[in-house]
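The values are calculated or read from the model by the stated rules, or taken from the named source; none is laboratory data. Treat the numbers as computed from the prediction; the structure is a model and nothing was measured. Every residue, glycine as well, gets a Cβ built from its backbone with ideal geometry; the counts of neighbours run over all protein chains shown.
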Amino acid sequence: MEFTRILRHTAAGPLRGMLDIPDIRRRVVFDLKQRHFEDLEISVPLGFGLSAPISSAEFWVSFEEIFFEREYATLLENVVSLTGLPQRWIDLGCHAGFFSLWLLYERFKSGLAINDCRALLIDPDPRIVDQVKKLIANNHLESSFQFLPFAISSAPGKTEFAVRSYMSSSLASLGDGDSSVQLVETINTKDLTSYMSRPYDLIKVDIEGSEFDFLTSYDETLKSAKHVILEWHSWHTGGGGVQQLHELALAKNFRILQEVVSPRPVTIKGKPETCGMLLLENKALTISP
């Protein structure tokens, strides 16, 4: 132990001297960001004792969209006006976990208790497992948040999952661009509801084209949700574009409260595609004007 301390002390001087040289310092910083980003232990304080760990440079994009661009804010305002802030929710396609952390932050802002909140976060991307676990541990949410590394799919057992950059990972049959394909476990509606008892105030669905599978194969989960924020992708597994999802939602006894269409163009497999978000209300569980 003493030898290690002496060695560290001896090496520190020359290392600091090298870091004083701009070219070397830039190279070291570059390597840290590209190859050892997680070791930087970046965490953004949010207030109320909450913080958002950023264990990969890519997670900054999700953090910015949710906390700064507030992409879900108008949808949540509609939910709040009808049933208040969610207390129990499922986050399908949770990615870095920031949507659920943001909901918790909004509850703090409103002076609501958080010890009775329950959230189930689900995402099969193997790269986000440590990130979400860190978010839960750093904010002491072990009794409130649970994470499951499963895919949403109509196919039982295992399915091929394409790991892509910047929140575009999806079932291998969907999407576009460079990817590595891995086999991941799927979860069915019965097992999903066994992890978190019903009903649910909100389900957020951002699963990059598998939203058709969710609407058609997860009835037990879907009918237990007061509201659903559904991120849709025109290239979804059903093949019928957003109109097909509209019709499915209506057939499942939901009404469409709000739709936001992304202004950003998307090209998938050489074809122009669109995406956006739907806010759905379960007519069987809510009463609204």
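If we keep just the residues of region 189-201 that are in contact with an Asp or Glu (Cβ under 9 Å, 6 or more places away or on another chain) and crowded, with 17+ Cβ neighbours inside 10 Å, which is farthest from residue 118 (Cα to Cα)?
The residue in question is 189.
Do we find that residue 248 is touching a helix residue (DSSP H, G or I) at 6+ places or on another chain (Cβ under 7 Å), closer than 28 Å to residue 197 by Cα and assigned to a helix (DSSP H, G or I) in this structure?
For residue 248, the condition - touching a helix residue (DSSP H, G or I) at 6+ places or on another chain (Cβ under 7 Å), closer than 28 Å to residue 197 by Cα and assigned to a helix (DSSP H, G or I) - is met.
Within region 139-146, does at least one residue satisfy the condition of being assigned to a strand (DSSP E or B), assigned by TED's automatic domain parsing to the domain that holds residue 93, surrounded by 18 or more Cβ atoms within 10 Å (Cβ to Cβ) and of a type in the set (A, V, I, L, M)?
No: zero hits.
Per-residue answers, yes or no, for (1) modelled with pLDDT of 70 or more; (2) outside the structural domain of residue 137 (by TED's automatic domain parsing); (3) in contact with a helix residue (DSSP H, G or I) (Cβ under 9 Å, 6 or more places away or on another chain); (4) not in a helix (DSSP H, G or I):
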{"site": "17", "(1), (2), (3), (4)": "no, yes, no, no"}
{"site": "24", "(1), (2), (3), (4)": "no, yes, yes, no"}
{"site": "57", "(1), (2), (3), (4)": "yes, no, yes, yes"}
{"site": "66", "(1), (2), (3), (4)": "yes, no, yes, no"}
{"site": "71", "(1), (2), (3), (4)": "yes, no, yes, yes"}
{"site": "80", "(1), (2), (3), (4)": "yes, no, yes, no"}
{"site": "86", "(1), (2), (3), (4)": "yes, no, yes, yes"}
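For (1) surrounded by 21 or more Cβ atoms within 10 Å (Cβ to Cβ); (2) modelled with pLDDT under 95, each residue gets a yes or a no:
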| position | (1), (2) |
| --- | --- |
| 227 | yes, no |
| 233 | yes, no |
| 244 | no, no |
| 251 | no, no |
| 255 | no, no |
| 262 | no, yes |
| 267 | no, yes |
| 271 | no, yes |
| 284 | no, yes |
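For region 45-60, state whether one or more residues are acidic (Asp, Glu) and under 25 Å from residue 201 (Cα atoms).
Taking every residue of region 45-60 in turn, none turns out to be acidic (Asp, Glu) and under 25 Å from residue 201 (Cα atoms).
Please go through (1) out of contact with any helix residue (DSSP H, G or I) (no Cβ under 6 Å at 6 or more places or on another chain); (2) under 24 Å from residue 279 (Cα atoms); (3) of a type in the set (Asp, Glu) for residue 191 and return the number of the only condition it doesn't satisfy.
Unmet for residue 191, out of (1) out of contact with any helix residue (DSSP H, G or I) (no Cβ under 6 Å at 6 or more places or on another chain); (2) under 24 Å from residue 279 (Cα atoms); (3) of a type in the set (Asp, Glu): (2).
List, please: which pairs have Cβ atoms under 8 Å, are six or more places apart or on different chains, and start with a residue in region 256-277 that is charged (D, E, K, R) and end with one that is in a loop (DSSP other than H, G, I, E, B)?
The qualifying pairs are 269/176; 269/235; 271/235; 273/234; 273/235.
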